[in-house]
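Engineer: One structure, as structure tokens, below. Some questions next.
The values are calculated or read from the model by the stated rules, or taken from the named source; none is laboratory data. Keep in mind that this is a model prediction, so the values were computed, not measured. Every residue, glycine as well, gets a Cβ built from its backbone with ideal geometry; the counts of neighbours run over all protein chains shown. Quick note on the areas: whole protein, heavy atoms, side chains included, nothing else; ligands and nucleic acids left out. Shrake-Rupley method; radii C 1.70, N 1.55, O 1.52, S 1.80 Å.
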Amino acid sequence: MSLRLFNSLTRQIEPFAPVHEGEARVYTCGPTVYNYQHIGNMRAYVFADTLGRVLSFKGFRLSHVINITDVGHLTSDADEGADKMEKAAATSGKTAWDIAKFYTDAYWRDIERLNIRQPMRWSIATDYVPAMIAFAESIADEHCYQLESGLYFDTSTVPDYGRLARAATDAGESRIEAVEGKRHPTDFAIWRTTPPGETRQMEWDSPWGRGAPGWHLECSVMSEALLGFPFDIHTGGIDHREIHHPNEIAQNQARCHSADSGARIWMHNNFLIDRGGKMSKSAGEFLTLQALVDRGFHPLAYRLMCLQAHYRSELEFSWENLAAAFTRLKRIVMAAERLPAAEAAEPTDRRVTAELASFDEAVSDDLNTAKALTHFETVLTMKGLDTGQRRHALATMDQVLGLRLLELDRVTLRIAPVTATISAEEIDARLAERKQARTAKDFAASDRIRDELAAMGVEVMDGDPLGWEWKLKVD
Ligand code: AMP
Ligand code: ZN
């Protein structure tokens, strides 16, 4: 089964043919660490992780780089607004460096909680400033011009600028505010000179004056340094298809004296949207992974919710969707918990090998994780199957799904919301008492315990089809 992926450059599904035999080199645009990541951002990393897992499953040696943007990203993706890091520093009273460290750590915690595998390398933008200056110097004469505010890339000097954005270009261009002296609206800063009389916390000397790199430069530089041009796949959220990635491509073309984009395939995840408006950091209020945990949801329920949708479809966030994904996760984990212990054994049963083949087909078809999940469930519940073979097949599939379905148990899935006034252990103890009371036919005592628990927000779930005993109400 050959792997086929949707390439945003051609807007087509294409067979994956690696640049280097047996290897897959992937670069993922990472977070700007001036604040927590919202759950929409985390969808981008669940997607990149799933892509990496599928590449490994298909037998490619994976070299994955995710960058950390700790400098240069303005409050708009184009050349306007303040530097996000500097702005956060100014409003918090901390240094930009402290802020970057704090939010990078928070991001890494979320990465771990979502069982996102460690990439080969986290590349930190500020570690590459000398390399960025060298890159910019190498293209400056032919492709750039200097204005008072910095060094600008002339987008008319490369072939077919913006072909990645296509229809979106008009919308993209209208978002770019005119900078005095820019030759074309799409031209962008690759070096931003600090205005006279100002100092920035993050600034470096350069041939174009003291200042800081433009945001788009870092990804070109780090992807070239760590993966080499051309590499296989570049990923990011779909908003990057309009400005950031077309600009990276322009820089790569200039650097390589070529019409090629620097990566063979550009892949973009669609957005997680929230009609309640909780997905915009600039609006101030946004949902973090921690906010889901605070409500009693396991982080992997969020991962499952992402995998239930295709990465190229918009996914609407709602608490109901998340709750449904959590229920599905519980159902799977409880069924897996009931499996007898056994050494994993290479599947020979025809039914299992057929399911594994269908699973392979699904993920090879531009990462159809929604379908892949159903094959996992089929093998999980298939009647009369040798346990060793079942375990082997499930473990193989979970390597791709990354849901830790054979490791989780009902205790770890039980997360008390922050508002809870009673611990899981206390609830279990009260429920054990209630069970005794019912065995002794003391229904008055049993009802009293139930009411007391209800008063503390604990709903006792007698007769729950999943066999779940209780849940905490969240308002
Ligand atoms: P940022 O930290 O703003 O640079 O964004 C990090 C990543 O999240 C980028 O790949 C964005 O394209 C992606 N992203 C931003 N918002 C969303 C969203 N609502 N849903 C999915 N991905 C998003
Ligand atoms: Zn980038």
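Engineer: Look at segment 408-453 and say how many of its residues are outside any loop (DSSP other than H, G, I, E, B) and either more than 32 Å from the chain's Cα centre (by Cα) or surrounded by fewer than 12 Cβ atoms within 10 Å (Cβ to Cβ) (or both).
Structural biologist: Within segment 408-453, residues that are outside any loop (DSSP other than H, G, I, E, B) and either more than 32 Å from the chain's Cα centre (by Cα) or surrounded by fewer than 12 Cβ atoms within 10 Å (Cβ to Cβ) (or both) number 27.
Engineer: Sticking with this one: Which strands (runs of 3 or more DSSP E) does segment 1-98 wholly contain that include 3 or more residues that are within 16 Å of ligand 2 (Cβ to nearest atom)?
Structural biologist: Result: 23-28, 61-68.
Engineer: Against the condition on the phi > 0 side of the Ramachandran plot, surrounded by 13 or more Cβ atoms within 10 Å (Cβ to Cβ) and either in the same structural domain as residue 229 (by TED's automatic domain parsing) or at pLDDT below 95 (or both), how does residue 197 come out, does it pass?
Structural biologist: no
Engineer: For residue 367, state whether it is within 25 Å of residue 468 (Cβ to Cβ), outside any helix (DSSP H, G or I) and outside the structural domain of residue 270 (by TED's automatic domain parsing).
Structural biologist: Spelling it out, it is not the case that residue 367 is within 25 Å of residue 468 (Cβ to Cβ), outside any helix (DSSP H, G or I) and outside the structural domain of residue 270 (by TED's automatic domain parsing).
Engineer: From the set of residues in segment 89-134 that are surrounded by fewer than 20 Cβ atoms within 10 Å (Cβ to Cβ), among the aliphatic types (A, V, I, L, M) and over 19 Å from residue 222 (Cα atoms), which is nearest to the chain's Cα centre (by Cα)?
Structural biologist: 106
Engineer: Condition first: among the polar types (S, T, N, Q), within 16 Å of ligand 2 (Cβ to nearest atom) and touching a strand residue (DSSP E or B) at 6+ places or on another chain (Cβ under 6 Å). Now tell me which residues in segment 181-228 satisfy that.
Structural biologist: Scanning segment 181-228 gives a single hit, 223.
Engineer: Is it true that residue 223 is assigned to a loop (DSSP other than H, G, I, E, B), of a type outside the set (Asp, Glu), under 30 Å from residue 162 (Cβ atoms) and open to solvent by less than 50 Å² (accessible area, probe 1.4 Å)?
Structural biologist: No.
Engineer: Within segment 117-162, which residues are modelled with pLDDT of 95 or more and part of a loop (DSSP other than H, G, I, E, B)?
Structural biologist: 117, 118, 119, 120, 154, 158
Engineer: Something else now. Within segment 340-364, which residues are part of a loop (DSSP other than H, G, I, E, B) and in contact with a Leu (Cβ under 8 Å, 6 or more places away or on another chain)?
Structural biologist: Within segment 340-364, 347, 349 qualify.
Engineer: Answer with yes or no whether residue 25 is of a type in the set (Lys, Arg), open to solvent by 40 Å² or more (accessible area, probe 1.4 Å) and under 28 Å from residue 191 (Cβ atoms).
Structural biologist: Judged against the criteria, residue 25 is a match.
Engineer: Here is a follow-up. Is there any pair with a first residue in segment 420-433 that is over 16 Å from residue 454 (Cβ atoms) and a second that is surrounded by 15 or more Cβ atoms within 10 Å (Cβ to Cβ) and small (Gly, Ala, Ser) whose Cβ atoms are under 8 Å apart and which are 6 or more apart or on different chains, and what are they?
Structural biologist: From residues that are over 16 Å from residue 454 (Cβ atoms), the pairs are 423/416; 424/416.
Engineer: Can I ask one more? Which residues, taken from segment 37-79, are farther than 25 Å from residue 188 by Cβ, more than 13 Å from the chain's Cα centre (by Cα) and within 14 Å of ligand 1 (Cβ to nearest atom)?
Structural biologist: Matches in segment 37-79: none.
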